[in-house]
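Below is one structure, written out as structure tokens; comments come after it.
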Amino acid sequence: MNEQPRTLYWIFLSLVGLVISLYVLFPVFWLFLASFKTQAELAQLPISFWPEAPTFDAYKALFSPTHQKGQLLDWPQLIGNSFFIAVSSTIIVLVFGTLAGYAFSRLNFPGRDLILGGLLISRMFQGAALLLPTYRLMSMIGLQDSLIGLVLLYSAFGLPFATWIIASSLREIPRELEESAMIDGASRLQSMVMVVLPLATPALITAAMWHFVGAWSEFAFASILLESNDHKTVTIGLASFVELFTLEFQYVGAAATIVALPIMLIFLFGQRYFTRGLLAGAVKG
Amino acid sequence: MGSVALRNIRKSYGAVEVLHGIDLDIQDGEFTVLVGPSGCGKSTLLRSIAGLETISGGDIAIDDAVINTLVPKDRDIAMVFQNYALYPHMTVAKNMGFSLRLARQSQAEIDRKVKAAAEILDLTALLDRYPRQLSGGQRQRVAMGRAIVRDPKVFLFDEPLSNLDAKLRVQMRSEIKELHQRLKTTTIYVTHDQIEAMTMADKIVVMRGGHVEQIGTPLELYDTPASVFVAGFIGSPSMNFVAASAEGGMLRIASGEVLGPVTGDVSSGREVIAGFRPEDIRLSDTGIGARVALIEPTGAETQLTLRTGDASIIMTTRDRITQSVGDTVHFSVPADKLHCFDAASELSLTNRTRPQ
């Protein structure tokens, strides 16, 4: 391909990307703008794009108990619950996913590949198919309407994929690095912690991000398992607006922005780990 | 101090035995090279000594203490890997000091030892760099530095030069040899390159198919190979072999011509393989007739390919060649340069003294 068509091709691809991005991002941006508008402005015609007099009233209402009216939920509590669930289950998934991933990538045991394949199969079930049996199970063991119950449930759902990601990344790390560490005087655990895991950082961060985002934004299981208001999560809070304040979109916009914020920050922070060639220089290359 | 003794080492993967009872004694301070074609078990043997493989039978002893069941870190050995195996997330200094840090030595002590090793290896300017910022030769030196800071009983090298280009390989070869002469640490070095083995070793162990084929100094192996395999493996270009039969004390080749006197204890009528090195061939007026098939001058010497019957004979000479391709020549081999090998067992009939 010579210069001219390649440039045209690049321009074409960029345009397609731009159109898709606009299409996807516009509603998000629209909601974000709505959070700074008043209810009157939202209702008026013709529609104004930018807020005429930007206001933080909607955010204040979410965070101040005095503004809360009717069944508007306690947002600091919702955010706290969601953080607790997402962070705890991410830690569980990372710890066990790392140990399991290490075992799958380094140790030989009967049925290893079968089990690793089985982990992937568990990803093929649609969550909806599991809703009822899960509810029955959690009720039986007394973990319905419990944050701990949700932490355990999310961890169980998240572990197979995290294990898979971590195991495949550990496989890429040359065995000689560990052997070298063991000759240098490290135990297996030391060589794993001091040599292998630092090199697997991108995979660990990827797995953690993936799981955190999933746990933070999970709705279906949270909504059927959590009943009391002080156990609810941000996604339930968001859904409750739709029922209660159909017309008050400034609240929906403000809450949606708050819920999206951690996820955006996580991706901004985590992005550089995808591009960092940590393994460069380890072996010939 | 670090003498190594291997007694009847066996190693199996499932039903497949890859080391069939290796016996080897390495003196303290000796530079021993394990050499052989790929799959001969040399790396497996080295890794067994390191403790990275568990042996299925036999004893490994360092300084008379059997270490079969010790984990690598307790064997007091250091190893340089083929791909260097530097820790990519650590600087050169951290890489070299890693073992000392694990041994809980003080930071001052670690700094002192790392600095000393860096000076020996000319790495002082690179101590703060990361492995990815180094060239192949520098990485190789860091890998060696990591080994020498520990002052172990034994150095193990697993094909350390095979990832370097030809010129650097020659340079690192001399560096490793000089380093050994300076430190006098017992060294076991694995390579498939017979030139590396010849140039570096005090003692060469030629391996083949999980057996030790022959043990000796480089020149012992060159001058008195115990088998066709060793004779062909050591030396480049390799030894010429022709089928011959012993008749009345003379070696007669297929064409009926006489190559020379039988060397060693060979009964008349026995089928043998006669071997002679390219540089021992002399062009003469009499002797075996051959046609010049190829002339390859390299400057210092010239390599000729001669055809006699269906055999190709390689000869090298430092003389300038006046013949041209297609000419008929005659060649002979001095009697003391002829080797006889049994046609069936391929063992030497000339050199009965097999070390060990």
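Any chance segment B:103-115 includes a residue that's within 11 Å of chain A (Cβ to nearest Cβ) and of a type outside the set (S, T, N, Q)? Explain how you work it out, then say what you get.
Filtering segment B:103-115 for residues within 11 Å of chain A (Cβ to nearest Cβ) gives B:103-105.
Next cut, of a type outside the set (S, T, N, Q) only: B:103-104.
Yes; the residues of segment B:103-115 include at least one that is within 11 Å of chain A (Cβ to nearest Cβ) and of a type outside the set (S, T, N, Q).
Could you list, in sequence order, all residues of segment B:170-207 that are basic (K, R) and surrounded by fewer than 19 Cβ atoms within 10 Å (Cβ to Cβ)? It would help to see each step written out before you state the result.
Taking segment B:170-207 first, the residues basic (K, R) are B:173, B:177, B:182, B:184, B:203.
Of everything in segment B:170-207, those that are basic (K, R) and surrounded by fewer than 19 Cβ atoms within 10 Å (Cβ to Cβ) turn out to be B:K177, B:R182, B:K184.
Which one of these does B:Y87 not meet: (1) at the interface with another protein chain (Cβ under 9 Å from one of its Cβ atoms); (2) assigned to a helix (DSSP H, G or I); (3) open to solvent by less than 20 Å² (accessible area, probe 1.4 Å)?
Of everything listed in (1) at the interface with another protein chain (Cβ under 9 Å from one of its Cβ atoms); (2) assigned to a helix (DSSP H, G or I); (3) open to solvent by less than 20 Å² (accessible area, probe 1.4 Å), B:Y87 misses just condition (2).
Just for segment B:234-248: of the residues that are part of a strand (DSSP E or B) and touching a Ser or Thr at 6+ places or on another chain (Cβ under 7 Å), which one is most open to solvent (accessible area, probe 1.4 Å)?
Keep residues of segment B:234-248 that are part of a strand (DSSP E or B), which gives B:240-247.
Retained after the next criterion (residues that are touching a Ser or Thr at 6+ places or on another chain (Cβ under 7 Å)): B:246-247.
Details: B:A246: 1, B:E247: 85 Å².
Checking each candidate, the answer is B:E247.
Output the residue which, of all residues in segment A:170-206 that are in a helix (DSSP H, G or I) and of a type in the set (D, E, K, R), is surrounded by the fewest Cβ atoms within 10 Å (Cβ to Cβ).
So the first thing to find is which residues in segment A:170-206 are in a helix (DSSP H, G or I), and the list is A:170-172, A:175-183, A:188-199, A:201-206.
Those left that are additionally of a type in the set (D, E, K, R): A:171-172, A:175-176, A:178-179, A:188.
Numbers: A:R171: 13, A:E172: 11, A:R175: 14, A:E176: 20, A:E178: 20, A:E179: 20, A:R188: 15.
The selected residue is A:E172.
What number goes with the only condition from (1) in contact (Cβ under 8 Å) with a residue 60 or more places away in the chain; (2) buried (at least 22 other Cβ atoms within 10 Å of the Cβ) that B:Q82 does not pass?
Tallying (1) in contact (Cβ under 8 Å) with a residue 60 or more places away in the chain; (2) buried (at least 22 other Cβ atoms within 10 Å of the Cβ), B:Q82 fails exactly one: (2).
May I ask you to verify whether B:D23 is open to solvent by 10 Å² or more (accessible area, probe 1.4 Å), touching a residue at least 60 places away in the same chain (Cβ under 8 Å), assigned to a strand (DSSP E or B) and under 29 Å from B:L221 (Cβ atoms)? Before you say what the answer is, go through the steps one by one.
Working: open to solvent by 10 Å² or more (accessible area, probe 1.4 Å): yes; touching a residue at least 60 places away in the same chain (Cβ under 8 Å): yes; assigned to a strand (DSSP E or B): yes; under 29 Å from B:L221 (Cβ atoms): yes.
Yes.
May I ask you to say which residue of A:A254, A:A222 is at pLDDT 85 or above, under 19 Å from A:V28 (Cα atoms) and in a helix (DSSP H, G or I)?
A:A254
Among the residues of segment B:208-219 satisfying the criterion of being surrounded by 18 or more Cβ atoms within 10 Å (Cβ to Cβ) and not in a strand (DSSP E or B), which is nearest to the chain's Cα centre (by Cα)?
Initially, segment B:208-219 is screened for residues surrounded by 18 or more Cβ atoms within 10 Å (Cβ to Cβ), giving B:208, B:210, B:212-216, B:218.
In the following step, the residues that additionally are not in a strand (DSSP E or B) were identified as B:210, B:218.
Working: B:G210: 15, B:P218: 8 Å.
Ranking the candidates gives B:P218 first.
Being under 21 Å from B:H89 (Cβ atoms), in contact (Cβ under 8 Å) with a residue 12 or more places away in the chain and over 27 Å from the mean Cα position of the chain (by Cα) is the requirement here; does A:M182 meet it? Lay out the reasoning, then the answer.
On the way: under 21 Å from B:H89 (Cβ atoms): yes; in contact (Cβ under 8 Å) with a residue 12 or more places away in the chain: no; over 27 Å from the mean Cα position of the chain (by Cα): yes.
No; evaluated as a whole, the condition is false for this residue.
Which residues, taken from segment A:100-126, are within 19 Å of A:A203 (Cβ to Cβ) and loosely packed, with under 10 Cβ neighbours inside 10 Å?
Matches in segment A:100-126: A:L107 only.
Under the condition of being at pLDDT 90 or above and open to solvent by 40 Å² or more (accessible area, probe 1.4 Å), which residue from segment B:39-63 is nearest to the chain's Cα centre (by Cα)? Full working, then the answer.
So in segment B:39-63, the residues at pLDDT 90 or above come out as B:40-63.
Keeping just the survivors that are open to solvent by 40 Å² or more (accessible area, probe 1.4 Å) gives B:47, B:54, B:56, B:59, B:63.
Working: B:R47: 17, B:T54: 24, B:S56: 25, B:D59: 24, B:D63: 24 Å.
My answer is B:R47.
Out of (1) open to solvent by 50 Å² or more (accessible area, probe 1.4 Å); (2) under 32 Å from the mean Cα position of the chain (by Cα), what's the single condition that is false for B:S255?
It is condition (2) that B:S255 fails.
Please enumerate the residues belonging to segment B:28-54 that are of a type outside the set (G, A, S) and either assigned to a helix (DSSP H, G or I) or more than 18 Å from B:M79 (Cα to Cα) (or both). So that I can check it myself, show each step before the final result.
At the first step, the residues of segment B:28-54 found to be of a type outside the set (G, A, S) are B:28, B:30-35, B:37, B:40, B:42, B:44-47, B:49, B:52-54.
B:P37, B:C40, B:K42, B:T44, B:L45, B:L46, B:R47, B:I49, listed by residue number.
What single numbered condition from (1) in contact (Cβ under 8 Å) with a residue 40 or more places away in the chain; (2) in contact with a Gly (Cβ under 9 Å, 6 or more places away or on another chain); (3) under 16 Å from B:D158 (Cβ atoms) fails to hold for B:D28?
Going through the list (1) in contact (Cβ under 8 Å) with a residue 40 or more places away in the chain; (2) in contact with a Gly (Cβ under 9 Å, 6 or more places away or on another chain); (3) under 16 Å from B:D158 (Cβ atoms), B:D28 breaks only (3).
Does segment B:54-69 contain any residue that is hydrophobic (A, V, I, L, M, F, W, C) and within 12 Å of another protein chain (Cβ to nearest Cβ)? Reasoning before the result, please.
Filtering segment B:54-69 for residues hydrophobic (A, V, I, L, M, F, W, C) gives B:55, B:60-62, B:65-67.
Among the residues that remain, those that are also within 12 Å of another protein chain (Cβ to nearest Cβ) are: none.
No - not one qualifying residue is present in segment B:54-69.
Failed condition for A:S146, given (1) modelled with pLDDT under 85; (2) open to solvent by less than 40 Å² (accessible area, probe 1.4 Å), with all others met?
Result: A:S146 passes all but (1).
Pick out, from segment A:1-120, the helices (runs of 4 or more DSSP H) lying fully within it that include 2 or more residues that are modelled with pLDDT under 80 and more than 30 Å from A:E176 (Cα to Cα).
Numbers: elements: A:3-34, A:39-43, A:57-63, A:75-106.
In segment A:1-120, the matching helices (runs of 4 or more DSSP H) lie at A:3-34, A:39-43, A:57-63.
Could you tell me which of the residues A:T257, A:T206, A:T201, A:T235 is touching an Asp or Glu at 6+ places or on another chain (Cβ under 9 Å) and either assigned by TED's automatic domain parsing to the domain that holds A:S180 or over 19 Å from A:F63 (Cβ atoms) (or both)?
Just a single option satisfies the conditions, and that option is A:T235.
Tell me the strands (runs of 3 or more DSSP E) entirely within segment B:267-356 that contain at least 1 residues that are open to solvent by 80 Å² or more (accessible area, probe 1.4 Å), modelled with pLDDT under 90 and closer than 28 Å to B:Q214 by Cα. I'd like the intermediate steps shown before the answer.
Working: elements: B:271-276, B:282-284, B:288-297, B:302-308, B:311-317, B:328-332, B:339-342.
Where strands (runs of 3 or more DSSP E) fall fully within segment B:267-356 and carry at least 1 residues being open to solvent by 80 Å² or more (accessible area, probe 1.4 Å), modelled with pLDDT under 90 and closer than 28 Å to B:Q214 by Cα, they are B:271-276.
Answer yes if at least one residue in segment B:133-155 is part of a helix (DSSP H, G or I), open to solvent by 10 Å² or more (accessible area, probe 1.4 Å), farther than 27 Å from B:E17 by Cβ and of a type in the set (F, W, Y), and no otherwise. I'd like the intermediate steps shown before the answer.
First, pick out the residues of segment B:133-155 that are part of a helix (DSSP H, G or I): B:133, B:136-148.
Imposing the further condition that a residue be open to solvent by 10 Å² or more (accessible area, probe 1.4 Å) reduces the set to B:133, B:136, B:138-139, B:141, B:148.
Subsequent filtering for residues that are farther than 27 Å from B:E17 by Cβ retains B:133, B:136, B:138-139, B:141, B:148.
Subsequent filtering for residues that are of a type in the set (F, W, Y) retains none.
Taking every residue of segment B:133-155 in turn, none turns out to be part of a helix (DSSP H, G or I), open to solvent by 10 Å² or more (accessible area, probe 1.4 Å), farther than 27 Å from B:E17 by Cβ and of a type in the set (F, W, Y).
Mind listing whichever residues of segment B:90-99 are within 9 Å of chain A (Cβ to nearest Cβ) and open to solvent by less than 10 Å² (accessible area, probe 1.4 Å)? Full working, then the answer.
Of segment B:90-99, the ones within 9 Å of chain A (Cβ to nearest Cβ) are B:90, B:98-99.
Result: B:F98, B:S99.
Looking at segment A:207-254, which of its residues are of a type in the set (D, E) and open to solvent by 30 Å² or more (accessible area, probe 1.4 Å)? Give the steps one after another, and end with the answer.
Step one: list which residues in segment A:207-254 are of a type in the set (D, E), which gives A:218, A:227, A:230, A:243, A:248.
Answer for segment A:207-254, where residues must be of a type in the set (D, E) and open to solvent by 30 Å² or more (accessible area, probe 1.4 Å): A:E218, A:E227, A:D230, A:E243.
The values are calculated or read from the model by the stated rules, or taken from the named source; none is laboratory data. As the structure is a prediction and not an experimental result, all values here were calculated from the model. Cβ atoms come from the backbone with ideal geometry, glycine included; neighbour counts cover every protein chain shown. Surface accessibility is based on the protein's heavy atoms, side chains included, excluding ligands, DNA and RNA. Shrake-Rupley method; radii C 1.70, N 1.55, O 1.52, S 1.80 Å.
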